[in-house]
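What follows is a short report on a single structure.
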Amino acid sequence: MSSESQSEKDVYSKYNLKRVINASGRMTILGVSTPRPEVVDTVLHGLNEYFEIKDLVDKTGQYIAKLLKVENAVVVSCASAGIVQAVAGLIIKDDRDLLFNLHSSDKYVPREIIVPKGHNVNFGAPISTMVSLGGGIAVEAGYANECKPEHIESLINPDTAAILYVKSHHCVQKSMLSVAQTAVIAKKYNIPLIVDAAAEEDLQTYYQQGADLVIYSGAKAIEGPTSGLVIGRQQAVEWLKLQSQGIGRPMKVGKEGILGLTKAIELYVTEPKHETGQQMVIRMTPFIENLNALDGISATVVWDGAGRDIARAEISFNTNVIGKSAAEVVSFMKQSDIAVYFREYKVNEGKVEADVRSVTSEQLDIIYNKIKNIIQGAK
Ligand SMILES: *Cc1c(COP(=O)(O)O)cnc(C)c1O
């Protein structure tokens, strides 16, 4: 046994951990993603060296900004910490008193953060809680299923500190403004626009469309270590960076995370490796055909609801035929020796989606066999 597989066996057996097949995508509850070896090497190198941290933060930020053709950038501990510190930075600016006393100070500054109602989602934690942590007051614009320019405009007042747009599959997609439309409003009223693009793949478009700060999760599309990226306008990013002396301190990112994410971004931009949606379709076609041969199961290709180049297998379970609900199948899939996780957003409609980005073809066979056993066990 190689030393690598030995150490791999070690953590699973040492702590009695469950093995997992991740067909759910970039999920925080499963460990998000696995960085490339070059990124792992960079993390290791970072851990073993000393730096002037301010120098490291500034210079890696400049390096990333140049790569992405944006004014300024900074690595943070995760996207949620990016949202919190973006809100705090735009409220506090360079006021030292507020920087040190954000939540206890009663000094008057604009604190309202306008969020389209359909964007105030729970991504694992609520968007509005991140706004509150950053010293802001979330003000919802529009309705659960509709947000028009006038819904945002009617809320703008002297207490408005920023507009927060969440670009995500978690959000309501229909009858919502685009980032570009929101940027037009922000410019018209001279209010900064924050875009939470945590799981998005395009590292340039929202900045180019006029956002002042754009936030990404380091381990999702970029496949870096646990970390986050904030890019944006020069001054806004500098205000955000000041938060390390205030509420940002308990969200500290380590030297290894800073260096690891910087390397991951460089590779993401210069050597994109990722499978295209069309390649995913080809890889999952035999899996889908096998599933369709089972009584009571139908499977088909569906494309990402947020418009990313990701194809997934949507698997529908006919309860009348298999004698089990989709929720029961999902729960069985998690219980066996190797836990299989799907995307469960539509389980109440009798279907799940399998995301194959982190699943090998051998694992697709394992998933197929597990489904087959579960439904045949029902008869
Ligand atoms: C994942 C996600 C986050 C949080 O990202 P972390 O890096 O885990 O903090 C925030 N917003 C959205 C829309 C997300 O998908």
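The values are calculated or read from the model by the stated rules, or taken from the named source; none is laboratory data. Just so it is clear, the structure is predicted and the values come from calculations on it, not from any experiment. Note: ideal-geometry Cβ built from the backbone for every residue, glycine included; neighbour counts use all protein chains shown. Remember, those area values only see protein heavy atoms, side chains included, never the ligands or the DNA or RNA. Shrake-Rupley method; radii C 1.70, N 1.55, O 1.52, S 1.80 Å.
The table below lists the values:
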| item | result |
| --- | --- |
| Residues satisfying the stated conditions in the stretch 122-140, i.e. out of contact with any Asp or Glu (no Cβ under 9 Å at 6 or more places or on another chain) and either over 16 Å from Gly82 (Cβ atoms) or not β-branched (Val, Ile, Thr) (or both) | Asn122, Gly124, Ala125, Pro126, Ser132, Leu133, Gly134, Gly135, Glu140 |
| Total residues in the stretch 309-338, condition touching an Asp or Glu at 6+ places or on another chain (Cβ under 9 Å) and in a loop (DSSP other than H, G, I, E, B) | 3 |
| Total residues in the stretch 184-237, condition in a helix (DSSP H, G or I) and either among the hydrophobic types (A, V, I, L, M, F, W, C) or closer than 27 Å to Val40 by Cβ (or both) | 5 |
| Residue count, the stretch 260-318 (criterion: touching a residue at least 40 places away in the same chain (Cβ under 8 Å), of a type in the set (Val, Ile, Thr) and more than 30 Å from Val43 (Cα to Cα)) | 3 |
| Residue match in the stretch 138-148 (condition: within 20 Å of Asn190 (Cβ to Cβ) and either open to solvent by 50 Å² or more (accessible area, probe 1.4 Å) or within 12 Å of the ligand (Cβ to nearest atom) (or both)) | no |
| Residue satisfying all of: in the stretch 163-203; under 21 Å from Pro110 (Cα atoms), within 16 Å of the ligand (Cβ to nearest atom) and not β-branched (Val, Ile, Thr); surrounded by the fewest Cβ atoms within 10 Å (Cβ to Cβ) among these | Leu193 |
| Scan of the stretch 60-74 for residues that are open to solvent by 10 Å² or more (accessible area, probe 1.4 Å) and either hydrophobic (A, V, I, L, M, F, W, C) or within 19 Å of Pro225 (Cα to Cα) (or both), ordered by number | Thr60, Tyr63, Leu67, Val70 |
| Failed condition for Asp159, given (1) open to solvent by 40 Å² or more (accessible area, probe 1.4 Å); (2) within 16 Å of the ligand (Cβ to nearest atom); (3) in contact with an Asp or Glu (Cβ under 9 Å, 6 or more places away or on another chain) | (2) |
| Among residues of the stretch 251-300, those that are within 21 Å of Leu240 (Cβ to Cβ) and at pLDDT below 95, counted | 0 |
| Residue count for the stretch 280-308, restricted to those that are on the phi < 0 side of the Ramachandran plot and either outside any helix (DSSP H, G or I) or not assigned by TED's automatic domain parsing to the domain that holds Tyr345 (or both) | 14 |
| Residue within the stretch 48-55 that is assigned to a helix (DSSP H, G or I), free of Cβ contacts under 8 Å to residues at least 40 places away in the same chain, surrounded by fewer than 21 Cβ atoms within 10 Å (Cβ to Cβ) and more than 16 Å from the ligand (Cβ to nearest atom) present | yes |
| 3 or more residues β-branched (Val, Ile, Thr) and closer than 25 Å to Ala306 by Cβ: qualifying helices (runs of 4 or more DSSP H) within the stretch 84-166 | 127-133 |
| Qualifying residue in the stretch 358-368 (condition: crowded, with 16+ Cβ neighbours inside 10 Å, farther than 30 Å from Ile222 by Cα and either at pLDDT 95 or above or in the same structural domain as Asn22 (by TED's automatic domain parsing) (or both)) | no |
| Leu240 being open to solvent by less than 10 Å² (accessible area, probe 1.4 Å), in a helix (DSSP H, G or I) and not assigned by TED's automatic domain parsing to the domain that holds Arg26 | yes |
